[in-house]
1. Out of (1) touching a Leu at 6+ places or on another chain (Cβ under 9 Å); (2) assigned by TED's automatic domain parsing to the domain that holds TYR239, the odd one out for ASP45 is which?
2. Do you know which residues across segment 142-188 are among the basic types (Lys, Arg) and under 21 Å from PHE207 (Cβ atoms)?
3. Where residues in segment 100-133 are in contact with a strand residue (DSSP E or B) (Cβ under 7 Å, 6 or more places away or on another chain) and among the basic types (Lys, Arg), which of them is nearest to GLU269 (Cα to Cα)?
4. Given the structure, is ALA88 out of contact with any strand residue (DSSP E or B) (no Cβ under 7 Å at 6 or more places or on another chain) and either in a strand (DSSP E or B) or not assigned by TED's automatic domain parsing to the domain that holds VAL252 (or both)?
5. So, in segment 5-57, exactly how many residues are in contact (Cβ under 8 Å) with a residue 24 or more places away in the chain, out of contact with any helix residue (DSSP H, G or I) (no Cβ under 6 Å at 6 or more places or on another chain) and polar (S, T, N, Q)?
6. State which residue is surrounded by the fewest Cβ atoms within 10 Å (Cβ to Cβ) when the search covers only segment 48-60 and only residues that are hydrophobic (A, V, I, L, M, F, W, C) and part of a loop (DSSP other than H, G, I, E, B).
7. Within segment 295-349, how many residues turn out to be under 22 Å from ALA90 (Cβ atoms) and out of contact with any Leu (no Cβ under 8 Å at 6 or more places or on another chain)?
8. In segment 120-133, which residues are in a helix (DSSP H, G or I) and surrounded by 16 or more Cβ atoms within 10 Å (Cβ to Cβ)?
Amino acid sequence: MNINLDEIRAREQQYVLQTYRRQPVAFVKGQGARLFDAAGRSYLDLVSGIGVASLGHAHPGLTACITDQASQLLHTSNLYFHPFQAEAAARLSALSGLERTFFCNSGTEANEACLKFARRYWHTLGAHDRVGYVALVNGFAGRTMGALSVTWDEHYRGPFQPLIGPVTFVDPEKPEALAAAVSDKTAAIIAEPIRGEGGILPLPDAFVRAVKDVCARTGTLLIADEVQSGLGRTGHPFYFQALQWTPDLVSVGKALGSGVPVAAALVSERVAKAISAGDHGSTYGGNLLACRAAAFFLEQLMDKGLLEHVREVGGHFERRLRTLALRHPVIVEARGAGLMRGLELRVDAAAVVDQAREHGLLVNRTAERVVRLLPPLVIEAAEIDDAVDILDGVLAGIPAEVGA
């Protein structure tokens, strides 16, 4: 394939809205946990499309599945039935314990749906003024107007005010603030069990308990945003299960289609009973191709040993990263779960991202000083070793202090 990166960049600058800061590489194919650029160079991929390529690249089973479906029928709309929504929804229900599924196209859309369904629940019960949300400091839910309203970072929010409200942000390091933030006007608390964009930040145990207590005491709905942490990424089907939460709504996306755009809002039966026909919808949501891909991924996760694989290699990943942190003073902390990991540095992580790429390793920077690691769920222990060895070499050249 004849691809000229400079030509692509020039055409994009002319025609594509400049909302992304792209890295200077164009990929043309992939295989498992590796990507290949136009020059044929191989890269070990610990980004996986920001947690999307859950089955790796060019997975033969998924390729056969979507090729077969594309040769038959892609889309008919939600005016009609097809078999794959029910198949994928049944698996999601078995995995999560929530009885109902609404299909959409992205994690942001899943969060939008959850926010709407929470308000609809209270409206149906006659509590028409119970419309507020409580969200978390360092939380990220997406960039459409509703999801952006419960996203904490002012960098994202500021240019688009006024947003949907009222929203109160609570610092998980101050669990006592949660009870004060929730009132009889609060529709729902929305929380990532591990805050991904915020820096791979697990929730403190005291805050986890505070969420359970306040929801039980006030009846406030709980939305678990599992777009990044869910569907096996942490070694648990969903990380809310590790926290012993019982959410009323769960948003999922990213890994669900392993590259085919599909997401879902999972809904408890008590909330589902408050939803009526026409309350929400999506033209593309739940189409045949997307749902067949989702059903295939869920089969791999639940029946073909993928979840057990994540637990095994996730433990190996943790051990290697903790050892790495002991070797390099520039690392403040290695944290996360399963194959959702972060290295917090004492300096900006941008140089690590660039130098790792030059050495054939793709990693991601988030929250400025965190190296985020979201490999495909199919990655092998030997590939993890290769990746950590590259990081070891890169970090050896990074000064441990700003300006050093």
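The values are calculated or read from the model by the stated rules, or taken from the named source; none is laboratory data. Computed from a predicted structure; not experimentally measured. Cβ atoms come from the backbone with ideal geometry, glycine included; neighbour counts cover every protein chain shown.
1. (2) is the only condition that ASP45 fails.
2. Of segment 142-188, the ones among the basic types (Lys, Arg) are 143, 157, 174, 185.
The one that is among the basic types (Lys, Arg) and under 21 Å from PHE207 (Cβ atoms): LYS174.
3. If we take residues in segment 100-133 being in contact with a strand residue (DSSP E or B) (Cβ under 7 Å, 6 or more places away or on another chain) and among the basic types (Lys, Arg), then ARG100 is nearest to GLU269 (Cα to Cα).
4. Numbers: out of contact with any strand residue (DSSP E or B) (no Cβ under 7 Å at 6 or more places or on another chain): yes; either in a strand (DSSP E or B) or not assigned by TED's automatic domain parsing to the domain that holds VAL252 (or both): no.
For ALA88, the condition - out of contact with any strand residue (DSSP E or B) (no Cβ under 7 Å at 6 or more places or on another chain) and either in a strand (DSSP E or B) or not assigned by TED's automatic domain parsing to the domain that holds VAL252 (or both) - is not met.
5. 4
6. Within segment 48-60, the first condition is being hydrophobic (A, V, I, L, M, F, W, C), and the residues that meet it are 50, 52-53, 55, 58.
From the residues that got through so far, the ones that are part of a loop (DSSP other than H, G, I, E, B) too are 52-53, 55, 58.
Details: VAL52: 20, ALA53: 28, LEU55: 25, ALA58: 14.
Here the residue is ALA58.
7. Of the residues in segment 295-349, 6 are under 22 Å from ALA90 (Cβ atoms) and out of contact with any Leu (no Cβ under 8 Å at 6 or more places or on another chain).
8. Of all residues in segment 120-133, those in a helix (DSSP H, G or I) come to 120-124.
Residues satisfying the conditions are ARG120, TYR121, TRP122, HIS123.
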